[in-house]
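*Asks:* Before I ask anything, let me first share the structure, which is written out below as structure tokens.
The values are calculated or read from the model by the stated rules, or taken from the named source; none is laboratory data. Not measured: the values here are computed from a predicted model. Here the Cβ is made from the backbone with ideal geometry for all residues, glycine too, and neighbour counts use every protein chain on show. We work out accessible area using only protein heavy atoms, side chains counted, and drop any ligands, DNA or RNA first. Shrake-Rupley method; radii C 1.70, N 1.55, O 1.52, S 1.80 Å.
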Amino acid sequence: SLRYFVVYRCCIAALLFASSLFHPSDFAILSPQTGLFHLAVTGLYLLATLVSLVGLHSYRRCFNVQLTLHVLVDVLVLTLLMHAGGGLRSGLGALLLVTLAGAGVVGQGRLVLFFAAMATLAVLFEQLYRSMAADVEIVDFFQAGLLCAGFFGVAISVRLLARRIITNEELAHRRGVDLRNQMLVSQRII
């Protein structure tokens, strides 16, 4: 499952990098002032995801460490891109929701809440920095708060769904073993 998560990250990084190469473009997140910054961040992000894809096969034992690094890199990069794109209005916060959902499916236990907390802190610090650097409306803080509440909502709900899927998988496996044993008993009786 971690492999699929890393492949998703590589696809997103490649798409973001391609969007920064075709500057100026029709995308609202690219502006002439932040084009080179966007290109640098997405280039480093693509490189980091490719390295993580290679590292995935080399270090199989460090699952939680790898997942934590992947999610923290995603949070950092997407927050930087949100900042370069004009804050929450860029729409890149939705990618953070998808990243947290993927981490919720792949991750285990309370680690998912840690990821949601890190994404919340990153978005709130970005909004605070934006408010100190320029005039920001109060409604922007409200939108940031809603997005951060969404981080926790997505993380908790996806984790509960993943736990239920794991429980159903274990139940199906146990029933398969019971069915196999019952068939063996039936064959011996016959």
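*Asks:* Hey, if you put +1 on the Cβ of every Lys and Arg and -1 on every Asp and Glu Cβ in region 39-190, which of VAL71, ILE165, VAL105 ends up farthest toward the positive end of that dipole?
*Replies:* Result: ILE165, furthest along the dipole toward the positive end.
*Asks:* Rounded to the nearest 0.05, what FRET efficiency is calculated for ILE156 and ARG61 with R0 set to 30 Å and r the Cβ-Cβ distance?
*Replies:* Once the sixth-power term is evaluated, E becomes 0.60.
*Asks:* Additional query: Rolling a 1.4 angstrom probe over the protein heavy atoms, how many square angstrom per residue are accessible across the chain?
*Replies:* 61 Å²
*Asks:* Let me spell out the model: positive unit charges on the Cβ of Lys and Arg, negative unit charges on the Cβ of Asp and Glu, origin at the Cα centre of region 68-190. What dipole size does that give, in debye rounded to 20?
*Replies:* Working: 10 positive and 8 negative charges, 164 e Å.
Charge dipole, region 68-190, about its Cα centre: 780 debye, nearest 20.
*Asks:* Gaussian network model of the chain, Cα springs within a sub-10 Å range: biggest mean-square fluctuation belongs to which of LEU171, LEU179, LEU56?
*Replies:* LEU179
*Asks:* Which of the helices in the chain meet the span-like rule: DSSP H, Cα axial reach of 27 Å or more, Kyte-Doolittle mean at least 0.0? The partial results should precede the final answer.
*Replies:* Working: long enough: 2-21 (28 Å, 1.54); 35-58 (34 Å, 1.56); 63-84 (32 Å, 1.63); 111-133 (33 Å, 1.49); 138-189 (77 Å, 0.47).
Going by DSSP H runs, the hits are 2-21, 35-58, 63-84, 111-133, 138-189.
*Asks:* If you work out Cα extents along the principal axes in Å from the coordinates, which of (1) 56, 54, 39; (2) 60, 44, 31; (3) 81, 35, 30 do you get?
*Replies:* Given (1) 56, 54, 39; (2) 60, 44, 31; (3) 81, 35, 30, the calculated one carries the label (3).
*Asks:* Using a 1.4 angstrom probe on heavy atoms only, work out the carbon and sulfur share of the accessible area of region 54-190 in %.
*Replies:* Of all accessible area on region 54-190, carbon and sulfur atoms account for 66 percent.
*Asks:* Of the residues SER19, SER131, SER58, which exhibits the maximal mean-square fluctuation in a Gaussian network model of the chain defined by a 10 Å Cα contact cut-off?
*Replies:* Most flexible of the set in this elastic network: SER58.
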